[in-house]
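To start, the structure itself, in structure tokens.
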Amino acid sequence: MPVNPELVGRAFAPTAPYLVGREKVREFARAVFATDPQHTDPAAARALGYADVVAPPTFAMVVQDLTLQQLLAEPDSGIALERTIHAEQRFAYTRPIVAGDELTAQLSITGVRSVGTNAMVTSVAEIRDAAGDRVVTATSVLLIGGDE
């Protein structure tokens, strides 16, 4: 089944709250070789004015992934994980993610474009804190291979 062009404009329910943990931030920082002390040392982060360790910028993908799982679970999407490549990623921050943040995300599909037998699906996840304030907008482009 080809990717459903009627996905454009679809908005998904907000995700359950994700509590950003200090150890998760530290683990992620190690995994992406983010060596600045603000990512692992609460005292270093506090010296910069933050309440706790600061997540590396790409940490937002952890929260955005929850929204992409919603998309992949849509029975009418035409998206098969085994034919999917994460082609592009962008983040637009209002403020950094900090351990202790409770974040929710809501995904919207903003584009489906045919490229030969393939399709490119663009999605935007608005990630907000417990007060409802925008923290980051995460934009992904998935390349979906066509049927063999």
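Structural remarks
- When ALA11, ALA92, ALA60, ALA51 are screened for being touching a strand residue (DSSP E or B) at 6+ places or on another chain (Cβ under 7 Å), surrounded by 13 or more Cβ atoms within 10 Å (Cβ to Cβ) and in contact (Cβ under 8 Å) with a residue 24 or more places away in the chain, only ALA60 passes.
- Residue within the range 71-81 that is open to solvent by 60 Å² or more (accessible area, probe 1.4 Å), touching a Ser or Thr at 6+ places or on another chain (Cβ under 9 Å) and not hydrophobic (A, V, I, L, M, F, W, C) present: no
- Filtered by the rule that a residue be surrounded by 17 or more Cβ atoms within 10 Å (Cβ to Cβ) and either within 26 Å of TYR50 (Cβ to Cβ) or free of Cβ contacts under 8 Å to residues at least 40 places away in the same chain (or both), the range 97-117 gives ILE97, VAL98, ALA99, ASP101, LEU103, THR104, ALA105.
The values are calculated or read from the model by the stated rules, or taken from the named source; none is laboratory data. Source: prediction; values computed, not measured. Here the Cβ is made from the backbone with ideal geometry for all residues, glycine too, and neighbour counts use every protein chain on show. Ligands, DNA and RNA are stripped out before the accessible areas are found, and what is left, the full protein with its side chains, is counted by its heavy atoms. Shrake-Rupley method; radii C 1.70, N 1.55, O 1.52, S 1.80 Å.
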